[in-house]
Amino acid sequence: MTDPENEYCDVSLPVPLDHAFTYRLPLTLRHRVKPGCRLLVPFGPRKLTGVALACHDEPPAAQVREALRLLDEEPVLDEELLRLARWVAEYYSAPLGEVLRAMTPLTGEIRRTKRYSLTDAGREAARQLLLGAEGGDPVLEILRMLEARPLTASWLAKKVPGSEKAIRSLLRKKFIEVEDIHADRDPLRAAAARLRVQFSGRPVDVKLKKTERELVAFLELYPGSHNLGTLQDKVKNVSTAARSLARRGLVELRVEGPVMPDEPKRPPHTLNPHQQTAFDELKKAIEFEEFRTYLLQGITGSGKTEVYLRAAESALAVGRGALLLVPEIALTPAVAGQFYHRFGDRVAILHSAFSDRERAEQWRRIRSGDAGVVVGTRSGVFAPVRNLGLIVVDEEQDQSYKQEETPRYNGRDVAIVRAQQAGACVVLGSATPSLESRYNIDRKRYRALSLPERVENRPLPEVEIVDMREEFLATRRQSTFSRTLTSAIQDRLERGEQTMLLLNRRGFSSFVACRACGERIECRDCAVTLTYHRRDRRLLCHYCNYAEPIPSRCPACGSEHINFLGQGSERVEEELRRNFPEARVARLDRDTVTSKRAFEKILYGFRDHAYDILVGTQMIAKGHDIPNVTLVGIVSADVGLGMPDFRAAERTFQLLTQAAGRAGRGDVPGQVIIQTLNPDHYAIRFASGQDYEGFFAKELQFRRLMRYPPFSALANVLVRAEKKENALRLAGELSQVLNPPPPELKTMGPAEAPVPKLKREYRYQMLIKAASRVVLREHLARLRDHALQQRWPPTALVIDVDPLSLL
Ligand code: ADP
Ligand code: ZN
Ligand code: ZN
């Protein structure tokens, strides 16, 4: 309990330093600050939002500054979450303040602006200068306006021409002071798709512009409220017209309630015996309030979702909360949608498509206990669920659980620690578990649950491998589709069944090279080749989005013979249209999915059979359940195999198995065709046999031999700098710190990173394998201390514990 007399407060700030900072609490705050509340404090010339850790009376050694403002009356992070934050900070070698910032959605998601107010000197100056002054001078204008109340930068910019210069001069004279504030976004600035428009009831008797007249005419014709997004193809410039009418009070605009996944409702199923066994076990664990981790390994189409739903029900039944984590709600609407249908009001969905306000609203519903079931993505693991009894991590192997910026945590692993602290039960679900999770069964850390059959005895699809080298020898042509795949697609078209084609690379051709001198065109800022995007007629960097026009001559030798090599999903789509002119083809990748709506339009269009063939990247391999798909073709299984990453085989195996699992989910059995130049690669062989255990055994041998996870604790230490020699020097310093190498540690590098230059920065990396976590942590701390003591720029050192990507 906080002592009302406490004069000081330790505050954790989002800066790359480990320790907390002590502030004096002004009298008005002394009895109100509790650990877990956010405080606004001065930090150097800035004002920062931090999280209070503890209040006390110990006078600090040095002079301290005073906290400015308390942002929450009740803690946003309770004891349990604060403890979890400490664990994340320590385990991932990340500053606590940055972890806390990642955990409090209410700060990160809210826009920051500057607000100006008069100082005492400014008030005095205003009194004197404004006497009898004429309008027009921006400095005086601003003083006059600030006399009434503090105002934001954007407001002043709108009202006073030349405000920026005037503000600078007023700041210099110390007549005004600035404060960073968090402002909720104006809801009416939400995207059109999120707004509804209707008449306000006021008579429209003023003069209107043409587009406004059109909207008014439409609303007269179709009374009621309309989604602004869907009006876009009916009324020209509807957004602008609606906003301008709303400003005059003639129509009302309001933000639509949270978008829920638009999935068909399915009745609860009677569990089949495998599902029943798994569920009984989970129910027991939930009722015993015992921390346990289960790995639910269920082949594709085995009905895992129904087990999750039942488990969540039984948590609610004993008065406990349930948390479901999914890789990406927008890309896998099915699971979230089922939860929404089953639990209605009691479910909160933390969806990235929500506005800040909606997200804050969901967050409060969770905290108050109104929503006992939460569906969220990675950061949902920090949702303030009350009395947590169950955490489900669906597709636990998915890479999107790993945050690729500080703090670089893995939501799945944090979920396990959180469950342990809460005495909850965790279920990791997958058809293709990560090696680490599966190995934890062998080590008796996790318990195994399995759904070895598809529901209703649907058979697994038949898989066939096509060796594209032989295909070339036989046909003497370099073709995208083998004869086998071509005739299989043709069959489906004739039978009115659907096909999915996977190529995990977007764009048209993957690189552009000169035939005369061999030069490959690279990104200006990264050491990677640019990809040709035909529709946009440009070359694009897939790492930093840098784009340039297609050169007519080789930039190195001037030759006109420029070759477009390698294939991407855009080219596959084009060849499909050429080879099957009668087929209706859609493509799903990051180029066609520019919004959630575009994604739904394509996916649901395909589900409703508006298309015969869907081409796409890994996006199409995720858990979609479309019964009429009877053929899945993998255009090239080789895309991921060549990646310089020890997980390349595992990823390929997972992707192929997931994609194959999309076939034959209805009554007609499915067929899968895998085209490859490496038909003997074990990842491809085991995937085609849908033999997880075979793959696991083989891959585990390799990991053991090479001391890769799960046989070591791994960290990737990266240094980056704009100048190559600086990056090299920093890398050298790090290897000095670990010299002589401690015996429990094995380091590789520093060496150029696989992508040696990214976004203008040169990159060197060192992989550290340690026999134990404790050892790893200790040495990472030494590296971090070195960087702090030598005052490295804050972004120069990146420590990635349990890295999932080594690029
Ligand atoms: P998974 O996630 O394991 O691939 P899903 O949970 O998507 O599988 O289930 C596949 C399909 O089977 C869904 O359409 C689901 O509604 C259905 N299903 C689940 N359980 C049963 C059951 N016991 N009986 C019949 N159908 C079921
Ligand atoms: Zn050339
Ligand atoms: Zn780039």
- Task: Considering every residue within region 711-728, establish whether at least one is touching a residue at least 60 places away in the same chain (Cβ under 8 Å), farther than 30 Å from R524 by Cβ and assigned to a loop (DSSP other than H, G, I, E, B).
- Result: no
- Among the numbered criteria (1) part of a loop (DSSP other than H, G, I, E, B); (2) in contact (Cβ under 8 Å) with a residue 40 or more places away in the chain, which single criterion is violated by A371? (2)
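Conditions (1) out of contact with any strand residue (DSSP E or B) (no Cβ under 9 Å at 6 or more places or on another chain); (2) surrounded by 22 or more Cβ atoms within 10 Å (Cβ to Cβ); (3) in contact (Cβ under 8 Å) with a residue 12 or more places away in the chain, marked per residue:
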position	(1), (2), (3)
A621	no, yes, yes
G640	yes, yes, yes
P644	no, no, yes
F653	yes, yes, yes
- Looking only at region 738-770, which residues are exposed (fewer than 14 other Cβ atoms within 10 Å of the Cβ) and within 22 Å of Q789 (Cα to Cα)? N739, P740, P741
- Residues in region 394-414 that are assigned to a strand (DSSP E or B) and farther than 21 Å from A312 by Cβ total 2
- Item | Search result, residues across region 55-71 that are under 20 Å from R101 (Cα atoms) and open to solvent by 40 Å² or more (accessible area, probe 1.4 Å) | L68, R69, L71
- Query: Scanning region 265-296 for residues that are in contact (Cβ under 8 Å) with a residue 40 or more places away in the chain and closer than 30 Å to Y604 by Cβ, which turns out surrounded by the most Cβ atoms within 10 Å (Cβ to Cβ)?
  - Reply: L296
- If we scan region 343-353, do we find a residue that is closer than 24 Å to N272 by Cβ and touching a residue at least 24 places away in the same chain (Cβ under 8 Å)? yes
- Looking at P741, is it assigned to a loop (DSSP other than H, G, I, E, B) and over 22 Å from R707 (Cβ atoms)? no
- Item | Meets criteria (under 16 Å from L503 (Cβ atoms) and part of a loop (DSSP other than H, G, I, E, B)) for G642 | yes
- Message: Return the residues of region 492-529 that are within 15 Å of ligand 2 (Cβ to nearest atom) and among the aliphatic types (A, V, I, L, M); say none if nothing qualifies.
- Response: V512, A513, A516, I521
- Message: Going by what's in this entry, would P669 be described as at pLDDT below 90, farther than 14 Å from M500 by Cα, more than 24 Å from the chain's Cα centre (by Cα) and not acidic (D, E)?
- Response: yes
- Item | Flag if S487 is closer than 30 Å to L295 by Cα and hydroxyl-bearing (S, T, Y) | no
- Mind listing whichever residues of region 27-54 are free of Cβ contacts under 8 Å to residues at least 60 places away in the same chain, over 15 Å from N6 (Cα atoms) and open to solvent by 30 Å² or more (accessible area, probe 1.4 Å)? F43, G44, P45
- Query: Given the structure, is A157 within 20 Å of E179 (Cα to Cα) and surrounded by fewer than 16 Cβ atoms within 10 Å (Cβ to Cβ)?
  - Reply: yes
- If we scan region 681-694, do we find a residue that is assigned to a helix (DSSP H, G or I), touching a strand residue (DSSP E or B) at 6+ places or on another chain (Cβ under 9 Å), among the basic types (K, R) and surrounded by fewer than 23 Cβ atoms within 10 Å (Cβ to Cβ)? yes
- Query: Taking the condition open to solvent by less than 90 Å² (accessible area, probe 1.4 Å), outside any strand (DSSP E or B) and not basic (K, R), does A586 pass?
  - Reply: no
- Message: Need a quick list: strands (runs of 3 or more DSSP E) entirely within region 450-517 having at least 1 residues that are closer than 23 Å to A610 by Cα, of a type in the set (D, E, K, R) and touching a His at 6+ places or on another chain (Cβ under 8 Å).
- Response: none
- Show the residue pairs that are 6+ apart or on different chains and have beta-carbon atoms under 6 Å apart, the first residue being within region 511-525 and touching a residue at least 40 places away in the same chain (Cβ under 8 Å), the second being of a type in the set (F, W, Y) and away from ligand 3 (no atom under 12 Å from the Cβ). V512/Y532; V512/F564
- Message: Show the residue pairs meeting these rules: Cβ distance below 9 Å; 6+ apart or different chains; first residue within region 553-566 and open to solvent by 60 Å² or more (accessible area, probe 1.4 Å); second residue among the polar types (S, T, N, Q) and more than 16 Å from ligand 3 (Cβ to nearest atom).
- Response: R553/S559; E560/S552; F564/S509; L565/S509
- All strands (runs of 3 or more DSSP E) inside region 523-572 with 2 or more residues being away from ligand 3 (no atom under 16 Å from the Cβ): 562-565
- Message: Considering only region 66-88, I want to know if a residue exists there that is among the basic types (K, R), in contact (Cβ under 8 Å) with a residue 12 or more places away in the chain and part of a loop (DSSP other than H, G, I, E, B).
- Response: no
- Of all residues in region 328-345, which are open to solvent by 10 Å² or more (accessible area, probe 1.4 Å) and part of a loop (DSSP other than H, G, I, E, B)? E328, A330, L331, T332
- Message: Which numbered condition in (1) more than 30 Å from R662 (Cβ to Cβ); (2) surrounded by fewer than 19 Cβ atoms within 10 Å (Cβ to Cβ); (3) not polar (S, T, N, Q) is the only one that H226 fails?
- Response: (2)
- Message: For the condition within 17 Å of E179 (Cβ to Cβ), open to solvent by 30 Å² or more (accessible area, probe 1.4 Å) and at pLDDT 85 or above, what is the one hit in R144, R168, R149?
- Response: R168
- Item | Odd one out for D78 among (1) surrounded by fewer than 17 Cβ atoms within 10 Å (Cβ to Cβ); (2) under 29 Å from L171 (Cβ atoms) | (2)
- Message: Yes or no: region 433-447 includes at least one residue that is more than 16 Å from ligand 2 (Cβ to nearest atom), open to solvent by 30 Å² or more (accessible area, probe 1.4 Å) and assigned to a strand (DSSP E or B).
- Response: yes
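Yes/no per residue for (1) under 30 Å from L758 (Cα atoms); (2) open to solvent by 10 Å² or more (accessible area, probe 1.4 Å):
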site: R483; (1), (2): no, yes
site: I489; (1), (2): no, no
site: M500; (1), (2): no, no
site: R515; (1), (2): yes, yes
site: R520; (1), (2): yes, yes
site: Y532; (1), (2): yes, yes
site: L539; (1), (2): yes, no
- Query: Which of the following residues is closer than 20 Å to A278 by Cβ, open to solvent by 10 Å² or more (accessible area, probe 1.4 Å) and within 15 Å of the chain's Cα centre (by Cα): R408, R378, R412?
  - Reply: R412
- Qualifying residues in region 593-619 (those that are of a type in the set (S, T, N, Q) and touching a residue at least 40 places away in the same chain (Cβ under 8 Å)) - the one most open to solvent (accessible area, probe 1.4 Å): Q618
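The values are calculated or read from the model by the stated rules, or taken from the named source; none is laboratory data. As the structure is a prediction and not an experimental result, all values here were calculated from the model. Reconstructed Cβ throughout: ideal geometry from the backbone, glycine too, with neighbour counts over all protein chains shown. Calculation scope for accessible area: heavy atoms of the full protein, side chains included, ligands and nucleic acids excluded. Shrake-Rupley method; radii C 1.70, N 1.55, O 1.52, S 1.80 Å.
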